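Engineer: My questions all concern the structure below.
Read-outs throughout are calculated quantities, based only on the coordinates presented, and are distinct from any laboratory measurement. Just so it is clear, the model here is predicted, and its values are computed rather than measured. Counting neighbours? That spans all protein chains shown, and the Cβs are built from the backbone with ideal geometry, glycine included.
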């Protein structure tokens, strides 16, 4: 049975400053080193491909978990037209691992909230309204995306590329941002719209799924103590 890993990136500088980040390309915070147990867990399996987004915090997380693993990433941008068929980069040799990049896996666009301090935003709009902006399925931040919008771009990408790899029996890792991963989790686990508000993944949080040939979950392992599910 294939294994699918979902990994949220490590803490970025704006996460550290408690700001809404969204599509702003902010690097990982200084001193935010890879958690060795995350890397050890993932690479105890034969990960054949990684999928991520163009946001630097996700790609830096990929680099960190690959440190000292004897494999080197090749970043392949699927949104560049000519690369849409992915090529045969995984066949170069076993020292390399292809990392397929697409904006479909970006964090939600937070619109007018991007760059704002989260505590100050709560003071302005109220805790419950901000919670709905951040965690509900179909309520969007001002001029931004709802989780439903993210779902509409992330899940078709998942079905086109990642499911195809999984159906071939390959172990796959997705390194992405909170809401793109929540969208995938919703699809994989068939979480109802009203319940997804309760699902959160911490920085560096890892979820491992074992899937059958029909992409149904046969086993789930949460590899993070503070994951709220």
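Engineer: Average projected area of the Cα convex hull of region 1-83, in nm²?
Structural biologist: Mean projected area of the Cα convex hull: 6.8 nm².
Engineer: Relative to the longest principal Cα axis of the chain, at what angle does helix 147-157 sit, 0 to 90 degrees, rounded to 10?
Structural biologist: Compared with the principal axis, the helix lies near 10 degrees.
Engineer: Of the residues 57, 182, 160, which exhibits the maximal mean-square fluctuation in a Gaussian network model of the chain defined by a 10 Å Cα contact cut-off?
Structural biologist: Of 57, 182, 160, the Gaussian network model singles out 160 as fluctuating most.
Engineer: Please determine, in degrees from 0 to 90 and to the nearest 10, the orientation of helix 56-66 with respect to the longest principal axis defined by the Cα atoms of the chain, where the helix direction is its Cα long axis.
Structural biologist: 40
Engineer: Follow-up question, since we're still on this one. Using a 10 angstrom cutoff on alpha carbons, build the Gaussian network for the chain and name the most mobile of 101, 139, 50.
Structural biologist: Of the options given, 139 has the highest mean-square fluctuation.
Engineer: Next up: Find how many whole Å separate the alpha carbon centroid of region 168-193 from the alpha carbon centroid of region 1-75.
Structural biologist: The distance from the Cα centre of region 1-75 to that of region 168-193 comes to 15 Å.
Engineer: Sequence gap at least 6, Cα distance under 8 Å: using those rules, report the relative contact order of the chain to the nearest whole percent.
Structural biologist: Computed value for the chain: 30 percent relative contact order.
Engineer: In a GNM of the chain with a 10 Å cut-off on Cα contacts, which of 145, 30, 200 has the highest mean-square fluctuation?
Structural biologist: 30
Engineer: Here is a further query. Using the 2.2 N^0.38 Å rule of thumb for compact globular proteins, work out how region 110-197 stacks up: its C-alpha Rg over that value, please.
Structural biologist: Compared with the compact-globule rule of thumb, region 110-197 sits at 1.25.
Engineer: Treat the count of other C-beta atoms within 10 Å as a stand-in for reagent exposure and order 223, 62 from fewest to most. Before the final figure, lay out each step's value.
Structural biologist: Numbers: 223 17, 62 21.
Ranking 223, 62 by Cβ neighbours within 10 Å, fewest first, gives 223, 62.
Engineer: Moving to a separate point now. Mind listing the Cα extents of the chain along all three principal axes, in Å, largest one first?
Structural biologist: 54, 39, 39
Engineer: If the chain between residue 142 and residue 103 were fully stretched, how many nm would it gain, using 0.36 nm times the residue separation less the Cα-Cα distance?
Structural biologist: Here the answer is 12.0 nm.
Engineer: Further question: Separation between the residue 128 and residue 24 pseudo-spin-labels, each 7 Å from Cα along Cα→Cβ, expressed in nm?
Structural biologist: 2.9
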